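Report on one structure; see the data block that follows.
We did not get these values from a lab; they are worked out from the coordinates using the rules stated. All of these numbers come straight from a predicted model, not from anything done at the bench. Cβ: placed from backbone, ideal geometry, glycine included. Neighbour counts: every protein chain shown.
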Amino acid sequence: DTAVSQTPKYLVTQMGNDKSIKCEQNLGHDTMYWYKQDSKKFLKIMFSYNNKELIINETVPNRFSPKSPDKAHLNLHINSLELGDSAVYFCASSQGWQGRNEQFFGPGTRLTVL
Amino acid sequence: DAKTTQPTSMDCAEGRAANLPCNHSTISGNEYVYWYRQIHSQGPQYIIHGLKNNETNEMASLIITEDRKSSTLILPHATLRDTAVYYCIVRAAETSGSRLTFGEGTQLTVNP
């Protein structure tokens with residue numbers, strides 16, 4: 001069983017389109033995250049939700065909107081896609097929001113904007 | 001969270017121990033040392049973490065110096081599948097929230 005799963009694995013789309021990436025965890029965790037890994041391989045936090053409430057919102061364009069329908073799901077919707085949005089997006093989860101909790105990552109979604 | 005410094009790359013022979021160093025001279029008393037790794041094209045994977053004492057699990061050992069300003073991750077018998085980027089991250093246990101701040105990490109290459 002996959003602990004943290006993401007769909008789709010690959011996403012190729014045109015500039016200006018709107019797309020969503022879905023994430024699900026079956027670990028019973030309370031906290032979920034979205035990270036972005038750019039072409040230089042730097043991993044950066046974008047958002048974090050704890051019990052469906054937003055607790056971290058980094059300096060991310062408001063074209064990016066996370067949605068957490070329940071504790072097991074955190075989806076990422078992106079409006080008006082730009083070339084610079086091309087990256088690998090990773091979802092993660094942890095037992096709680098505190099720093100001592102290790103995070104479990106999904107396999108990533110490679111987004112390519114043409 | 002405290003900043004960390006790691007070598008850009010390291011090589012290790014298969015079957016030998018891989019010792020990956022990390023400097024975190026500005027670490028605070030309530031900050032843990034975490035290690036994650038990212039195998040090519042996969043999501044990061046948690047390895048181990050510690051506060052003061054040395055730690056060991058089925059994947060690795062973590063040795064933290066007494067002054068806590070540096071640490072070493074030890075993979076006792078490296079295999080080709082251990083080739084990955086290894087990230088040393090320092091983060092507060094309770095108060096700083098949940099983000100992981102990844103640096104550039106160390107590219108470990110295990111050679112046959």
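Points worth noting:
- Residue count for region A:57-114, restricted to those that are farther than 26 Å from B:Y34 by Cα and without any contact (Cβ under 8 Å) to a residue 60 or more places away in the chain: 16
- Identity of the residue in region B:54-93, of a type in the set (G, A, S) and touching an Asp or Glu at 6+ places or on another chain (Cβ under 9 Å), that ends up nearest to B:Q42 (Cα to Cα): B:A78
- Leading residue by the ranking (nearest to the chain's Cα centre (by Cα)) among those in region A:9-30 that are farther than 15 Å from A:N79 by Cα and assigned to a loop (DSSP other than H, G, I, E, B): A:K9
- Filtered residue count, region A:62-83, keeping only those that are within 20 Å of A:Q95 (Cβ to Cβ) and assigned to a helix (DSSP H, G or I): 0
- Just one of the listed residues (B:N53, B:N57, B:N111) is in contact (Cβ under 8 Å) with a residue 60 or more places away in the chain and over 22 Å from A:C91 (Cβ atoms), and it is B:N111.
- All positions within region A:11-43 that are under 24 Å from B:G103 (Cβ atoms) and either surrounded by 17 or more Cβ atoms within 10 Å (Cβ to Cβ) or aromatic (F, W, Y) (or both): A:T31, A:M32, A:Y33, A:W34, A:Y35, A:K36, A:Q37, A:F42, A:L43
- Condition broken by B:L100, with the remaining ones in (1) farther than 23 Å from A:I55 by Cα; (2) surrounded by 16 or more Cβ atoms within 10 Å (Cβ to Cβ) satisfied: (1)
- Residues located in region B:29-58, provided they are closer than 30 Å to A:Y10 by Cα, more than 10 Å from chain A (Cβ to nearest Cβ) and surrounded by fewer than 16 Cβ atoms within 10 Å (Cβ to Cβ): B:I39, B:H40
- The set of residues from region A:31-46 being closer than 23 Å to A:Q95 by Cα and more than 10 Å from every other protein chain (Cβ to nearest Cβ) comprises A:W34, A:K36.
- Residues that are buried (at least 21 other Cβ atoms within 10 Å of the Cβ), more than 9 Å from every other protein chain (Cβ to nearest Cβ), out of contact with any Asp or Glu (no Cβ under 9 Å at 6 or more places or on another chain) and not β-branched (V, I, T), drawn from region A:70-114: A:L76, A:Y89
- Restricting attention to region A:31-50, the residues that are farther than 18 Å from A:A3 by Cα and part of a strand (DSSP E or B) add up to 7.
- Which numbered condition B:I74 misses (of (1) surrounded by fewer than 21 Cβ atoms within 10 Å (Cβ to Cβ); (2) out of contact with any Ser or Thr (no Cβ under 7 Å at 6 or more places or on another chain); (3) farther than 25 Å from A:K40 by Cβ): (2)
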